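Chemist: I have a structure I would like to understand better, so I am pasting it below and will then ask my questions one at a time.
The values are calculated or read from the model by the stated rules, or taken from the named source; none is laboratory data. Quantities reported herein were computed from a predicted structural model and do not represent experimental measurements. Cβ placement follows ideal geometry from the backbone for every residue including glycine, while neighbour counts extend to all protein chains displayed.
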Amino acid sequence: MGASPSFELNHGALARDPRAAELAAALDLLSPIDSEETFNQYCREACRLWVVNFRNRVGETSARFAELLEQIERRSQSVIKTGWGGVVITLHEAPRVEKFLVIREGGYLALEMHEQKDERLEVQEGAGLILGRRPNDRSLTVEMLKPGAKFHFKPGMEHCLIGTEKLLVFERSIDPKGMDQDLIFIYEPAND
């Protein structure tokens with residue numbers, strides 16, 4: 001069995017926001033992520049430090065967040081319930097998929113990548129962090145998520161969303177293998 005992948009974390013983009021400089025410095029001490037344990041420790045600590053650093057909320061959520069979460073809890077049609085919240089699918093016309101990622105405060109997705117799936121994310125409500133590796137970068141860049149922020153992940157680009165507050169993200173993707181058939185989990189959230 002091979003060694004676990006190791007990811008240095010670049011908090012430079014996060015630190016450019018003066019309100020987040022202290023948070024970035026504290027999170028820098030948790031680099032690298034090189035195991036399931038260090039991944040989960042990083043995500044949990046990011047959520048804890050966020051609350052300490054931002055006593056006032058960075059993002060707000062509307063009734064829409066609550067309605068989508070309720071759909072997930074009722075296990076309505078076209079939803080997937082997860083440990084971090086869930087997914088509400090709004091379009092599935094293979095290979096195109098559109099869906100809401102409804103992330104509870106303190107919830108986080110796996111550090112993952114895809115072989116063929118190309119996805120575009122847009123933050124609708126709330127706040128959080130995103131870890132993502134840009135092409136030709138060696139480390140994962142950590143950035144703040146706020147409404148209007150957009151990200152594009154091409155195949156092979158590692159990424160993870162952390163709901164440091166309630167977080168609503170809209171995803172548009174081209175998923176040639178079929179919805180959720182091209183998920184390569186590098187490190188997964190602990191079931192606690």
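Chemist: Any residue that is exposed (fewer than 15 other Cβ atoms within 10 Å of the Cβ) and under 13 Å from Leu129 (Cβ atoms) - is there at least one of those in the stretch 52-74?
Modeler: no
Chemist: Then there's this: Scan Gly86, Gly128 and give me the residue that is more than 29 Å from Ala25 (Cβ to Cβ) and surrounded by 16 or more Cβ atoms within 10 Å (Cβ to Cβ).
Modeler: Answer to the selection: Gly86.
Chemist: Consider Leu121 carefully, then state whether it is within 23 Å of Gly156 (Cα to Cα), surrounded by 15 or more Cβ atoms within 10 Å (Cβ to Cβ) and free of Cβ contacts under 8 Å to residues at least 60 places away in the same chain.
Modeler: Yes: the conditions hold for Leu121.
Chemist: Quick check, is Pro135 in contact (Cβ under 8 Å) with a residue 60 or more places away in the chain, more than 16 Å from Phe170 (Cα to Cα) and either touching a Lys or Arg at 6+ places or on another chain (Cβ under 6 Å) or not aliphatic (A, V, I, L, M) (or both)?
Modeler: When the stated conditions are applied, Pro135 does not pass them.
Chemist: Suppose we filter Leu101, Leu69, Leu30, Leu23 for residues that are within 18 Å of the chain's Cα centre (by Cα), modelled with pLDDT of 95 or more and in a loop (DSSP other than H, G, I, E, B); which single one remains?
Modeler: The conditions single out Leu30.
Chemist: Please verify whether Lys150 is without any contact (Cβ under 8 Å) to a residue 60 or more places away in the chain, more than 24 Å from Arg55 (Cβ to Cβ) and not aliphatic (A, V, I, L, M), treating the condition exactly as stated.
Modeler: yes
Chemist: Let me ask another. Looking at (1) under 24 Å from Gly59 (Cα atoms); (2) among the acidic types (Asp, Glu); (3) outside any loop (DSSP other than H, G, I, E, B); (4) under 14 Å from the mean Cα position of the chain (by Cα), find the lone condition where Glu112 falls short.
Modeler: Result: Glu112 passes all but (1).
Chemist: Being more than 15 Å from Met179 (Cα to Cα) and either in contact (Cβ under 8 Å) with a residue 12 or more places away in the chain or in contact with a strand residue (DSSP E or B) (Cβ under 9 Å, 6 or more places away or on another chain) (or both): is that true of Val97 here?
Modeler: no
Chemist: I need the full set of residues from the stretch 33-66 which are of a type in the set (S, T, N, Q), in a helix (DSSP H, G or I) and closer than 22 Å to Glu125 by Cβ, in order please.
Modeler: Across the stretch 33-66, the qualifying residue is only Asn53.
Chemist: Among what's in the stretch 11-20 and is in a helix (DSSP H, G or I) and surrounded by fewer than 14 Cβ atoms within 10 Å (Cβ to Cβ), pick the residue that is nearest to the chain's Cα centre (by Cα).
Modeler: Gly12
Chemist: Right, another one. Only one of Leu121, Leu91 is within 21 Å of Met144 (Cα to Cα) and part of a strand (DSSP E or B); which?
Modeler: Leu121
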